[in-house]
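Bear in mind these aren't lab numbers, they're just calculated from the coordinates by the rules spelled out. All values reported here derive from a predicted model rather than from experimental measurement. In this analysis, Cβ positions are derived from the backbone assuming ideal geometry, glycine residues included, and neighbour counts consider all displayed protein chains.
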Amino acid sequence: MNMKPLVIGNLKAKYPIIQGGMGVGVSRWRLAGAVAREGGIGIISTAQIGYDEPGFDKDQIATNLKAIKKHIDLAREVAEGGVVGVNIMVATKNYESYVKAACEAGTDLIISGAGLPIMLADYTKGYDVKIAPIVSSLKAASVILKMWDRKYKRTADFIVVEGPRAGGHLAFTKDQIEEFKESDFDNIIRDIVNYIKEFEEKYQRQIPVIVAGGIYDQEDIKHALSLGADGVQISTRFVVTKECDASEEFKQAYINAKREDIKVVTSPVGMPGRAIFTPFIKRTNQGRIPVKRCFNCLEHCNPKDIPYCITNSLVEAVKGNINNGLVFCGENAYRLDKMTTVKDIFSELVF
Ligand SMILES: Cc1cc2nc3c(=O)[nH]c(=O)nc-3n(C[C@H](O)[C@H](O)[C@H](O)COP(=O)(O)O)c2cc1C
């Protein structure tokens, strides 16, 4: 069996590998551009994308919206014609303006999770952009596809199915994550592959299914494809590359992490997340860390109630202040033991 290109409407990536969006600042133009150049799909995360721009302290949203164009343009310069997209979390404050800014900046596609992106189909009307929800169950897939069909007479251009071994926020409870068996996720993938056939028929086009969460080697990719998926989304592996946009310290934290250092943690987003157990996480377990200022990241966030400020802790981490930061990672991060390049990852994974 050889890998087939990933075809999403009129877009074509040589290999069916999407590099998942990683906020804050972990996947920006350097990583996304390099992945696109190697024949995958490079994804820029818009989550506080402008955190290191001069205007950020005064106006986070306006600065982020400007930075979206900057990073898409720069990614395209290195992508050599490859496919470049963005990841926008549904929970983002002013979600609509982020979606529109990405469309205006000419993104090829938008992937949206951490909630169901009901409004994405509306906000992208009139733009030539592909859209995909991230789902973790057949129920979520059915809700979003039925809603888009009924309200907007539109379907997804592809769909990302994310399992509990992923990094960042997870759409499972802590108990579900502990009790989850590999075969449970296989069944979710099979069910969604079958379910979307109805929409493929109705809209007379393919809706590729992309599997995310814990994809590490060729065997994992072959397994996902054997379940009927069309491609994979990989994030954790791309962190320990020269091209990843995070600091050296962030990458080193992955290299140093042992299996027992990777934990499911509580996040102000209201979903569990997977991260490295840093001294910061230890402090959050001991009590609330009062929020000093608000960075306008989440739509439904009350700084007085949350356990800690997620923007502050993610910015600290990406800049390299690991002890004071939240370092999201997938379950497999402990397997990474040396720095590599995007090119090397592709030569290892492609078959
Ligand atoms: C550091 C990090 C940051 C992430 N940030 C986001 C994000 O902002 N939005 C999102 O939808 N997913 C985010 N994710 C999830 C990934 O995009 C991806 O779907 C998942 O981690 C895939 O599993 P893997 O890391 O085992 O390959 C993040 C993951 C990591 C490791």
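Odds and ends about this structure:
- Residue-wise HN-Hα coupling along the range 308-325, computed from phi with Karplus coefficients 6.51, -1.76, 1.60 (Hz; x: Gly, Pro): 6, 8, 6, 4, 4, 6, 6, 5, 4, 5, 5, 6, x, 8, 4, 4, 10, x
- As a rough guide to protection, the peptides 68-79, 294-305 ranked by mean Cβ packing within 10 Å, highest first, stand as 68-79, 294-305.
- Over the range 57-107, the alpha carbon radius of gyration divided by the compact-protein estimate 2.2 N^0.38 Å works out to 1.17.
- For the range 113-264, the Rg and Dmax computed from alpha carbons only, in angstrom: 16.8, 49
- Legend: P(r) of the range 248-332 from all alpha carbon pair distances, 5 Å bins from 0, whole percents, reading 3, 15, 27, 26, 17, 8, 4, 0.
- Gaussian network model of the chain, Cα within-10 Å springs - most flexible of Ile118, Ile44, Ile110: Ile118
- Relative protection proxy for 329-342, 188-201, 11-24, from highest mean packing down: 11-24, 329-342, 188-201 (other beta-carbon atoms within 10 angstrom).
- Each label point was placed 7 Å from the Cα along the Cα-to-Cβ direction; for Arg335 and Lys146 their separation is 3.7 nm.
- Using the Cβ-Cβ distance between Asp186 and Glu53 with R0 = 45 Å, the FRET efficiency computed as 1/(1 + (r/R0)^6) comes to roughly 0.60.
- Our Cα-only numbers for the chain put the radius of gyration and Dmax at 18.6, 54 Å.
- Our coupling estimate for the range 20-34, obtained by passing each phi through the Karplus curve with A = 6.51, B = -1.76, C = 1.60 and θ = phi - 60°, is x, x, 10, x, 8, x, 7, 10, 10, 5, 5, 6, 4, x, 5 Hz, Gly and Pro reported as x.
- The convex hull built on the alpha-carbon positions of the range 20-143 has an orientation-averaged projected area of 7.3 nm².
- Rh (Kirkwood; distinct C-alpha pairs) - the range 292-348, Å: 14.0 Å
- Cross-link partners for Lys292 among the lysines, with Cα-Cα distance under 22 Å and sequence neighbours closer than 8 places in the same chain left out: Lys58, Lys93, Lys282, Lys304, Lys319.
- Here's the picture: a label point sits 7 Å out from the Cα of Gln176 along the beta-carbon direction, and within the range 132-166 the residues with their amide nitrogen under 14 Å of it are 134-143, 161-166.
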